[in-house]
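Visitor: Would you mind keeping the following structure in view while I ask a few things?
The values are calculated or read from the model by the stated rules, or taken from the named source; none is laboratory data. Just so you know, these numbers come straight off a predicted model, no measurement behind them. Ideal geometry is used to build each Cβ from the backbone, glycine not excepted, and the neighbour counts take in all protein chains shown.
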Amino acid sequence: MKMLRTAAICCLLGTVLMLAGCAAKMGGVAPTTPSVTPAAGGATVVIKDFAFTPATVTIKVGETVTWRNDDGVPHDATSPDWTSGSISSGQSYTRAFDTAGTFTYVCKVHPAMKAATIIVQ
Ligand SMILES: [Cu+2]
């Protein structure tokens, strides 16, 4: 009877060890680090294929929006109150928003480009 119990405990122990070993193996896989880390407290708008993406971003007062031009031609982000100026291909422009409101902007270089919106809460 005692031997049977010992055998049962051994069997159980073996299973636990096997599971632990398996979990350790899974935990050993290096976590993948995202290649693009968003800037703390802000949003990024990518300009590509003559479009602002995302078309609407929402941030908090004091946070920034960065426009990154991934197109082959210069663009800008211009609202009635401010402008980025020309953003060359591969370049970025960052602006902090210190007041709450909804700001619609366009690209003055390309009137055909759809307007986009920044919501500052
Ligand atoms: Cu443009």
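Visitor: Scan segment 80-98 residue by residue and report those that are of a type outside the set (Phe, Trp, Tyr), touching a residue at least 12 places away in the same chain (Cβ under 8 Å) and in a loop (DSSP other than H, G, I, E, B). Lay out the reasoning, then the answer.
Guide: Taking segment 80-98 first, the residues of a type outside the set (Phe, Trp, Tyr) are 80-81, 83-92, 94-96, 98.
Narrowing further to those that are touching a residue at least 12 places away in the same chain (Cβ under 8 Å): 81, 83-84, 86-92, 94-96, 98.
ASP81, SER84, SER86, SER88, SER89, GLY90, GLN91, ASP98 - these are the residues of segment 80-98 that are of a type outside the set (Phe, Trp, Tyr), touching a residue at least 12 places away in the same chain (Cβ under 8 Å) and in a loop (DSSP other than H, G, I, E, B).
Visitor: What's the number of the only condition in (1) in contact (Cβ under 8 Å) with a residue 40 or more places away in the chain; (2) at positive phi that GLY101 fails to meet?
Guide: It is condition (1) that GLY101 fails.
Visitor: Okay, next question. Check whether at least one residue in segment 57-65 is modelled with pLDDT of 95 or more, surrounded by fewer than 13 Cβ atoms within 10 Å (Cβ to Cβ) and outside any loop (DSSP other than H, G, I, E, B), and report yes or no.
Guide: No; the residues of segment 57-65 include none that is modelled with pLDDT of 95 or more, surrounded by fewer than 13 Cβ atoms within 10 Å (Cβ to Cβ) and outside any loop (DSSP other than H, G, I, E, B).
Visitor: Identify all residues within segment 92-114 that are within 16 Å of the ligand (Cβ to nearest atom) and surrounded by 13 or more Cβ atoms within 10 Å (Cβ to Cβ); write none if there are none. Lay out the reasoning, then the answer.
Guide: Quick first cut of segment 92-114, residues within 16 Å of the ligand (Cβ to nearest atom) only: 92-93, 104-114.
Within segment 92-114, SER92, TYR93, TYR105, VAL106, CYS107, LYS108, VAL109, HIS110, MET113 qualify.
Visitor: Among the residues of segment 43-79, write down those that are aliphatic (A, V, I, L, M), within 12 Å of the ligand (Cβ to nearest atom) and free of Cβ contacts under 8 Å to residues at least 60 places away in the same chain.
Guide: Scanning segment 43-79 gives VAL73, ALA77.
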